[in-house]
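*Asks:* I am attaching a structure below and will ask some questions about it afterwards.
Computed from the coordinates by the stated procedures, all read-outs in this text should not be read as laboratory data. What you see is a predicted model; the values in this text were computed from it and never measured. No Cβ is skipped: glycine too gets one built from the backbone with ideal geometry, and neighbour counts run over all protein chains shown.
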């Protein structure tokens, strides 16, 4: 437990020390929130959808968590190149604990990122239907962070090129985000799009956050929790396996 705590704390220190990283990672979610929220808002309202900012904000919160969680995997490559990973792996500690510490650290920084975007969304006009739903939203934000940090760590464990990692991440993250129902309703989709969105784990995270914050739901809270939980367990196991195969 002490090793996990040390690695978790180190992840947090890296996040809070890098002011440019904190500010830069907020740029794209804020751009999407403002550009789409105000740009498509009138069209969405004329179509009878209501306030588009209220619809969009939960998806942008999930997006911020997704990006921060998966990009945290680059620290595995960074530590490998500068020797810190070797020092960690040769210690008399199981690699599972090391991987779990990294995953919890990445999920915690992703949670902070999601909270910042939520605050910004409130400032630009988003209003939760029930403020009592925020604790439930935080629970799902943590689950989303753990899931996608595990995925990012698994991918990074098989890579050595730091420059290639962001390219691979963008290739993975953009479809996950745009096909999650974060920016469009899931009702009335074509059969192909419906299947794609239903196998996307982020879809259930967005749906859960939207229900907790706005009351709107597509799958149901129980379904969202079960599917997200199952994906999280699978990728934690997979990520731990991939991390255990790192050669030093």
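*Asks:* From Cα coordinates alone, what are the radius of gyration and Dmax values for segment 103-248 in angstrom?
*Replies:* Calculated on Cα positions, Rg and Dmax stand at 16.1, 51 Å.
*Asks:* Compare the peptides 229-240, 147-158 by average per-residue count of other Cβ atoms within 10 angstrom and give them in order, highest first.
*Replies:* Working: 229-240: 17.8, 147-158: 26.3.
Packing order, densest peptide first, comes out as 147-158, 229-240.
*Asks:* Beta carbons within 10 angstrom, averaged per residue: use that to sort the peptides 49-62, 132-145, highest first. Intermediate results must be reported in sequence, preceding the final value.
*Replies:* Values: 49-62: 23.6, 132-145: 19.0.
Per-residue Cβ counts within 10 Å, averaged per peptide and sorted highest first, yield 49-62, 132-145.
*Asks:* For the pair residue 187 and residue 174, how long in nm is the line joining their label points, each one 7 Å along Cα→Cβ?
*Replies:* 3.1 nm
*Asks:* Starting from the 7 Å offset along Cα-to-Cβ, what nm value, one decimal, do you get for the label separation of residue 81 and residue 94?
*Replies:* Computed distance between label sites residue 81 and residue 94 equals 3.2 nm.
*Asks:* Going 7 Å from the Cα of residue 47 along its beta-carbon direction, which residues of segment 186-220 have the amide nitrogen within less than 13 Å of the resulting point?
*Replies:* 186-190
*Asks:* So what's segment 163-248 giving for Rg/Rh, alpha carbon basis, Kirkwood Rh from the mean inverse pair distance?
*Replies:* A ratio of 1.05.
*Asks:* Another question, if that's okay. Restricting things to alpha carbons, find the Rg to Rh ratio for segment 2-244 using the Kirkwood radius for Rh.
*Replies:* Rg/Rh: 0.98.
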